[in-house]
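Below: the structure, in structure tokens.
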Amino acid sequence: MATSIFISIALIHLAAAISPGPSFIVCIRTSITDGFWASTGLAVGFGLGAALWACAALAGLAVLFELVPQVFLAMKLIGAGFLFFIAFMMWRHAKDPIDFKSGAAPRGWLSALRFGFLTLASNPKAAVFFGAIFVGLVPTDASLASLALLVLVIFLNETLWYIIVGRVFSLPRARSGYIALKHHLDRAFGSLLALFGLKIALG
């Protein structure tokens, strides 16, 4: 695979990873409430989810979605349901106080990783996104090693970006602002996640 093609795919994916979506909202809240360590686990989960969809696209899952749209519809509904559940829990516990002084993070690293993976994996449109990029840019004679390296770069793009986001929003000033506005922020975040879920279901 030509270096220019490889870099183009990496930059396209990085731009997509940076654009705000459900993962961004979940990362902000996790970073503020659970701290930077938990947000790194979340970021790794996002990276694994992105790598999963990239591998699925390379394996032809995007083509399967076109041939059997019922499978794509079912996965979209499952993914939307997952985001609706997160949104509901945010609304339900919006008024619950969080005691940052206790020193006990509500979510551990592995739990955050699982949560991040499920959040990213809940959007089957990622397979379509990767499928469109790969069909247009990845040569049919690309070696297995170059494809593996491409998936690794996608994993690193997703993971490192959200580690940066996690670091920014885990700072004391961000936490103080969240404490003051928790009720409103949780309901705003929950509403946005519900809208993203609706977009996935209907898109």
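The values are calculated or read from the model by the stated rules, or taken from the named source; none is laboratory data. Just so we're clear, the structure is a prediction, and the values are computed from it rather than from any experiment. All Cβ positions, even for glycine, are placed from backbone atoms using ideal geometry, and neighbour counts span all protein chains on display. To get the accessible areas, we keep the full protein, side chains included, count just its heavy atoms, and leave off ligands, DNA and RNA. Shrake-Rupley method; radii C 1.70, N 1.55, O 1.52, S 1.80 Å.
Computed quantities for the displayed model
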| read-out | value |
| --- | --- |
| Residue-normalised accessible area of the chain, given per residue in Å² at a 1.4 Å probe | 51 |
| Within the accessible area of the stretch 1-95 (1.4 Å probe), percent carbon and sulfur | 77 |
| Scattering curve values for the stretch 121-174, log₁₀ I(q)/I(0), Debye with Cα scatterers, q = 0.26 Å⁻¹ | -1.08 |
| Hz values of 3J(HN,Hα) by residue in the stretch 38-55 - Karplus curve (6.51, -1.76, 1.60), Gly and Pro given as x | 5, 5, 5, x, 4, 4, 5, x, 4, x, 5, x, 5, 5, 4, 5, 5, 5 |
| Computed over the chain, the ratio Rg/Rh where both radii use C-alpha atoms and Rh is Kirkwood | 1.01 |
| Size of electric dipole in the stretch 102-203: Cβ of Lys, Arg +1 and of Asp, Glu -1, about Cα centre, debye, nearest 20 | 520 |
| Förster radius 22 Å - calculated FRET efficiency between LEU195 and LEU77 (Cβ-Cβ, nearest 0.05) | 0.85 |
| Cα-based Lys pair tally, the chain, threshold under 21 Å, eight or more apart or on separate chains | 5 |
| Table column - 3J(HN,Hα) (Hz), the stretch 146-159, Karplus curve with 6.51, -1.76, 1.60, x for Gly and Pro | 5, 5, 5, 5, 5, 5, 4, 5, 4, 4, 5, 3, 5, 5 |
| Burial ranking of peptide ranges 13-20, 38-45 (average Cβ count within 10 Å, highest at the top) | 38-45, 13-20 |
| Per-residue ³J(HN,Hα) for the stretch 14-24, Karplus 6.51 cos²θ - 1.76 cosθ + 1.60, θ = phi - 60°, Hz, x for Gly and Pro | 4, 4, 5, 5, 6, 4, x, x, x, 4, 4 |
| Debye, to nearest 20: dipole size of the chain, +1 on Lys, Arg Cβ, -1 on Asp, Glu Cβ | 720 |
| Farthest toward positive dipole pole in the chain [+1 Lys/Arg, -1 Asp/Glu at C-beta], among LEU192, VAL68, LEU118 | LEU192 |
| Cα gyration tensor category, rounded, prolate or oblate, for the stretch 54-173 with a/c compared to 1.5 | oblate |
| Mean Cβ count within 10 Å, highest first, over the residues of peptides 21-29, 127-135 | 21-29, 127-135 |
| Cα gyration tensor category, rounded, prolate or oblate, for the stretch 23-101 with a/c compared to 1.5 | oblate |
